[in-house]
Amino acid sequence: MMKILLKILVAPFALALSLLAALLVFLFDICAFLLTIASVILAVLGIALFFTPTPIGGIVFLFLAFLLSPYGLQAAAGSLLWALDGGKSALYRFLAS
C-alpha cells in the first residue's frame with residue numbers, strides 16, 4: 001500500500017524530469033554546435049597571435065578554445081546530462097517495479 005502511494009507521488013516528478021532532460025539535451029546539441037564553431041575560430045586566432053610581438057594572447061586564446069571545445073566545458077555538461085538521464089531511468093525503474 002505504501003509503495004503504491006509512493007509511486008503515485010513520484011510519477012509527476014519522473015514526468016517533469018523526463019521533459020527537462022529532453023529539453024536540456026536539445027539545447028545542449030544546439031550549444032555544442034555553436035561552441036565548436038567558436039572554438040575553431042578562437043584556435044585559429046590563437047595560432048595567429050603567436051606571430052605577433054606579444055604571443056601571450058595566443059596562449060589565452062588557445063586556452064579559451066580548449067574550454068569551448070568538445071573536450072572542455074561541453075564534456076562536463078555532457079556528463080551532467082548523462083547523470084540526469086541516469087536519475088530519470090532510476091525513477092522509471094522504480095515506477096515499473
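The values are calculated or read from the model by the stated rules, or taken from the named source; none is laboratory data. Quick caveat, the model's predicted, so the values are computed rather than measured. A quick note on method: Cβ atoms are made from the backbone with ideal geometry, for glycine too, and the neighbour counts reach across all protein chains shown.
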Contact list please: Cβ distance under 7 Å, first residue in the range 68-82 and touching a residue at least 60 places away in the same chain (Cβ under 8 Å), second residue part of a helix (DSSP H, G or I) and of a type in the set (Phe, Trp, Tyr), pairs at least six apart or on different chains.
Leu81/Phe28
Can you tell me which residue in the range 13-30 is surrounded by the most Cβ atoms within 10 Å (Cβ to Cβ), limited to those that are free of Cβ contacts under 8 Å to residues at least 24 places away in the same chain and not aromatic (Phe, Trp, Tyr)?
Leu15
Only one of Leu49, Leu84 is surrounded by 12 or more Cβ atoms within 10 Å (Cβ to Cβ), at pLDDT 90 or above, among the hydrophobic types (A, V, I, L, M, F, W, C) and farther than 30 Å from Met2 by Cβ; which?
Leu49
Going residue by residue through the range 75-86, is there one that turns out to be aliphatic (A, V, I, L, M), more than 15 Å from the chain's Cα centre (by Cα) and part of a helix (DSSP H, G or I)?
no
Run down Val10, Val44, Val60 and say which single residue is surrounded by 12 or more Cβ atoms within 10 Å (Cβ to Cβ), in contact (Cβ under 8 Å) with a residue 60 or more places away in the chain, over 22 Å from the mean Cα position of the chain (by Cα) and assigned to a helix (DSSP H, G or I).
Val10
